[in-house]
Amino acid sequence: MARPRLADLLRRPIAVAPMAGGPSTADLVIAAAGAGALGFLAAGYKTPAAMAAEITAVRAATAEAFGVNVFVPGAPCADHGELNRYLGSLRTAGPLGDGTWDDDGFDGKVAALLADPPAVASFTFGCPPAEVIRALRDAGSLVAVTVTSPGEAVIAAEAGADALCVQGYEAAAHRGTFVNDDAPGRDYGLLSLIGAVAAVTGLPQIATGGIMSAGQVRAVIAAGAAAAQCGTAFLRCPESGAHPRYKAALGDPRYTATTLTRAFSGRLARGLVNQFIRDHQDAPAAYPEINNATRPLRAAAAARRDTEQMSLWAGQGYRSATEQPAAEIVERLTAAR
């Protein structure tokens, strides 16, 4: 089946990032498509059936292209002593779930995408096997892989990816690194990463990380990217499924900085500095075990509207997030000088 080229899908050079855990909704993807942007559904933490239902909902509302993002499972935590120590320290904070490993339904999601292929199938937290990429390409999807370093870009290119989502250090939420460790060489700022990746592969790049303005969009395009992917810019829009208190926190003067933390999930992620992050700076690398364990705790905090105990993922440019509708944000991000 003929596959689209990335350039053919980009009516405007904007992608709306997949934001797992609630912010990405079918309505947001539909609104993005209507405004000429490439929106992504976030399959992370959903069942394959729930992901397929969202794809159906988007297809029913628009004939425009959209993407679906899937998490690639990593290795289980190797240090159960450290994991158990950390989970023990959380027991006074609230209810905990089982701190167990899972693959986030990876095989079922790939099967669902093959049965109903979107224009773009993208992957984060690793590069899927070459045979998965080949099957999705044969089904008609363009395959993109999130990378944070030139080394990861080479791996994705050799596996057969069509495009790369290059994620700078400025980006909100989880770092898309292939390995959940603290090895050096994966803390590139976005502009330097675009150039470093271009030096090792000619695959088209979708640049992401702290992009909040038309000037920043122009900057990444000038640096060589094909498009800018924005997430935080859309967190406060009406179509976003983010919790109302989460949306409000992005504009709350109480929150003055972001940081990278493993406190909520066991994987480095950028969010607003709150009391939970300050209290739990010793979280080990254990994803998705810690993420699964803290899910009830985070849900309870959201239910009582306690932003000091919620995961408030945000990129470095979070203060520029507005409550405008998604279509108006796309218009603003693509405005001429």
Inset, instruction - State all residues of region 291-325 that are hydrophobic (A, V, I, L, M, F, W, C) and either farther than 27 Å from G189 by Cβ or at pLDDT below 95 (or both); if no residue qualifies, say none. - result: A293, L297, A299, A300, A301, A302, A303, M310
Inset, instruction - Check whether at least one residue in region 53-65 is closer than 18 Å to E289 by Cα, assigned to a loop (DSSP other than H, G, I, E, B) and of a type outside the set (A, V, I, L, M), and report yes or no. - result: no
Legend entry - Within region 1-25, considering residues that are hydrophobic (A, V, I, L, M, F, W, C) and open to solvent by less than 20 Å² (accessible area, probe 1.4 Å), the one nearest to P204 (Cα to Cα): L6
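Residues being open to solvent by 30 Å² or more (accessible area, probe 1.4 Å) and in contact (Cβ under 8 Å) with a residue 12 or more places away in the chain: count how many of those fall in region 259-278.
5
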Legend entry - Residue in region 28-73 that is nearest to the chain's Cα centre (by Cα), counting only those that are more than 22 Å from S240 (Cβ to Cβ) and surrounded by fewer than 19 Cβ atoms within 10 Å (Cβ to Cβ): P73
Inset, instruction - Say whether the condition of being assigned to a helix (DSSP H, G or I), of a type outside the set (A, V, I, L, M, F, W, C) and modelled with pLDDT of 95 or more is met by at least one residue in region 5-26. - result: no
Inset, instruction - Give just the number: which of (1) crowded, with 24+ Cβ neighbours inside 10 Å; (2) without any contact (Cβ under 8 Å) to a residue 40 or more places away in the chain; (3) touching a helix residue (DSSP H, G or I) at 6+ places or on another chain (Cβ under 6 Å); (4) aliphatic (A, V, I, L, M) does A286 not satisfy? - result: (2)
Inset, instruction - Have a look at A115, A139, A157, A171 and point out the one that is among the small types (G, A, S) and under 30 Å from R298 (Cα atoms). - result: A171
Inset, instruction - Give just the number: which of (1) of a type in the set (S, T, Y); (2) over 23 Å from L28 (Cα atoms); (3) buried (at least 24 other Cβ atoms within 10 Å of the Cβ) does Y188 not satisfy? - result: (3)
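The values are calculated or read from the model by the stated rules, or taken from the named source; none is laboratory data. In this text, all values refer to a predicted model and were calculated from it rather than measured experimentally. All Cβ positions, glycine included, derive from the backbone under ideal geometry; neighbour counts span all protein chains shown. Please note that ligands, DNA and RNA were not included when accessible areas were found on the heavy atoms of the full protein model with its side chains. Shrake-Rupley method; radii C 1.70, N 1.55, O 1.52, S 1.80 Å.
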